[in-house]
């Protein structure tokens, strides 16, 4: 193949047409191919993980997986019902702590102290806290709640696990509330104050509802993140091979399941992955399938919510 | 926001309204302070927990590598070395991959639907729980890459880094699974940074006749560098603190070895493994290790925030 090598042509003007073989164009094309290759490598693990979990875990899905307890080590059969229930319980506890505190703190940072030193300080603290490794949150809760037997003299408990997860959710919730409220136009606030609403009413009835979708998106994503966390649960919620017993009839006693060790999907995967028995490893894959489906569904839900968020304001 | 509040204060307000407003403001301020308190309290708790061990072992804890709960001798060098080497090596691999992917899905190289599909897939990769990746690493990835590692040992075995034959779990597979974990962070943040580069800069670059990669390398990347560096530092912090995937695949050996193919340990893996069953001076030593990890990640995170401020170009 031949390509014009000189750069002059008609009327002595430089030739502006694209030259296929020139060095810079070749380099550019090479780099594009390299970037494409990198993207393929980046996406490959996702495809591989999804495929494995779907095939290995998906083939285990049956009603008994959700209704039965895990079998003794080495035996086959059984399910992961208690771990599914436990994961839900621990995540709900974490959300019940992190959402009010996070949204409240976010309101202060965004509404009352926008650019102030205090807001800057809290934003800095939020960023630093979100960088704290999850296992440190576990160590922290172990030292403050588990080792001190803070709740009814019980040591490891679902509540301690929930507190540890809430420490990890808190920065995300504050950040999303802050960002969401910043998107609300000031005119809305002025209009509300103008027709005589108090500041409290303005925030609760006007600003917060306008920012509901972005806040909800962030909160939902942080719940998904918390549901998959394992490290802080290993020595706070510990594990339990039985069903949580009677949450409501035991509510004010030591026997309340949230005050006792509880099984969660992620800790079950961690424990079973280290056992040398095939049935347990299969259950770990099944638990991964359930956990991954839960998280993917939540993520897609958050995306769907997020679409409304950009349209509403 | 001062002006809005000043306007509001000028109005005559009933006492009830004043009380409610003040109460709400105070409540939200207290909730905001909770973040700072939690952070300080974590530091305080880990520090006081570590004091006993700090007094007993001092600096030797950081540079010796015997970990023997039976004899009450503790040195965390194996874990510290493992933490640093796994996170730095994974960063080395993940940065070109992540930034390359980010460029690929922001610049007009391929049609938009494929771009957003790749973006979505990378974001989903970020959502996969660490423990699921760990499970996958043990049973799928590690057997798959072992021939490659054996080849490395056969060819480069004379280097201390490849001096032991691969025996399943080890530092090298841990590095690879960390790459998978931090890639989405680097990609997502680099993509956002690249998307924020004003379109006019690109148009100007193309207008003076540059090639696509001329524009990317000389104009767009320098403009987005603050965000990208911030993302990379964030990923470094994440890699240092990452626990479960690493714990499952690194082998949790407390014997020190320079070799990347040998089993190793990281601070977080050590905590995950031993904290539940530890007592006495072992708890204190683990707290000491946790304190070291905390300081490392805090330093990286604060440096990241400072760099972003320092490097950011204003357009």
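Read-outs: derived from the displayed coordinates by stated rules, not from any lab. A quick note: this is a predicted structure, and the numbers were derived from the prediction, not measured. Positions of Cβ are backbone-derived with ideal geometry, glycine not excepted, and every protein chain shown enters the neighbour counts.
Among the residues of A:139-149, the average count of other protein chain beta-carbon atoms within 10 Å of the residue beta-carbon is 5. The shape of chain B can be summarised by an equivalent ellipsoid whose semi-axes, obtained from the alpha carbon gyration tensor, come to 40, 34, 17 Å from longest to shortest. Using just the C-alpha positions of the range B:24-68 as equal point scatterers, what log10 of I(q)/I(0) does the Debye formula give at each q in 0.13, 0.17, 0.24 1/Å? Log10 I(q)/I(0), no solvent term: -0.49, -0.63, -0.85.
A convex hull fitted around the alpha carbon atoms of the range A:249-290 yields 89 Å³ per residue.
What FRET efficiency would be calculated for the residue pair residue B:9, residue A:253, taking the C-beta separation as r and a Förster radius of 56 Å, to the nearest 0.05?
Taking R0 as 56 Å, the efficiency between residue B:9 and residue A:253 is 0.65.
Working from Cα pairs under 8 Å separated by at least six residues, relative contact order for chain B is 27 percent. Highest GNM mean-square fluctuation among B:19, B:266, B:83, for chain B modelled with Cα contacts below 10 Å: B:19. Here each label is just a point 7 Å from Cα along the line to Cβ, and for residue B:195 and residue A:67 those points are 4.6 nm apart.
In chain A, the longest principal axis of the Cα atoms and the axis of helix A:278-312 are about 60 degrees apart. Against chain A, whose longest principal axis is taken from its Cα atoms, helix A:158-182 shows a tilt of about 40°.
What the Cβ-Cβ distance of residue A:26 and residue A:48 gives, at R0 = 41 Å and to the nearest 0.05, is a FRET efficiency of 0.80. Relative to one another, the C-alpha centroids of the range B:148-174 and the range B:1-80 are positioned 42 Å apart. Here the range B:190-219 is scanned for amide nitrogen atoms under 14 Å from the site 7 Å beyond the Cα of residue A:19 along Cα-to-Cβ, giving B:211.
Expressed as a fraction of 2.2 N^0.38 Å, the value expected for a compact globular protein of N residues, the C-alpha radius of gyration of the protein assembly as shown is 1.05. Within 10 Å of the Cβ of each residue in B:296-302, the mean number of Cβ atoms contributed by other protein chains is 3. Entry note, the protein assembly as shown: the mean residue ellipticity at 222 nm calculated from DSSP H runs of n ≥ 4, each adding -39500 (n - 2.57), is -22000 deg cm²/dmol after division by the residues and rounding to the nearest 500.
Above 19 Å, the calculated P(r) of the range B:88-162 contains 60 percent of its Cα-Cα pairs.
For chain A, set up a Gaussian network in which alpha carbons nearer than 10 Å are linked by springs, and say which option among A:191, A:216, A:284 fluctuates the most. Maximum among the listed residues: A:191. Here the range B:181-315 is treated as a sphere whose radius is the Kirkwood value from Cα pairs; by Stokes-Einstein at 20 °C and 1.002 mPa s it diffuses with a coefficient of 121 µm²/s. Only Cα pairs within less than 10 Å get springs; with that Gaussian network setup on chain A, which residue of A:38, A:140, A:212 has the largest fluctuation? Of A:38, A:140, A:212, the most mobile in the Gaussian network model is A:38. Using C-alpha pairs below 8 Å separated by at least 6 residues, the relative contact order for the range B:170-278 is 38 percent.
P(r) tail for the range A:112-174: Cα pairs beyond 18 Å make up 46% of the total.
Rounded to the nearest 0.05, the FRET efficiency derived from the C-beta distance between residue B:110 and residue A:150 at R0 = 45 Å is 0.25. Cα centroid separation, the range B:187-225 to the range A:139-215: 37 Å. Relative contact order for the range A:1-150 using alpha-carbon pairs under 8 Å, separation at least 6, rounded to a whole percent? This gives 7 percent for the range A:1-150. To the nearest ten degrees, helix A:23-52 and the longest principal axis of the Cα atoms of chain A are 20 degrees apart.
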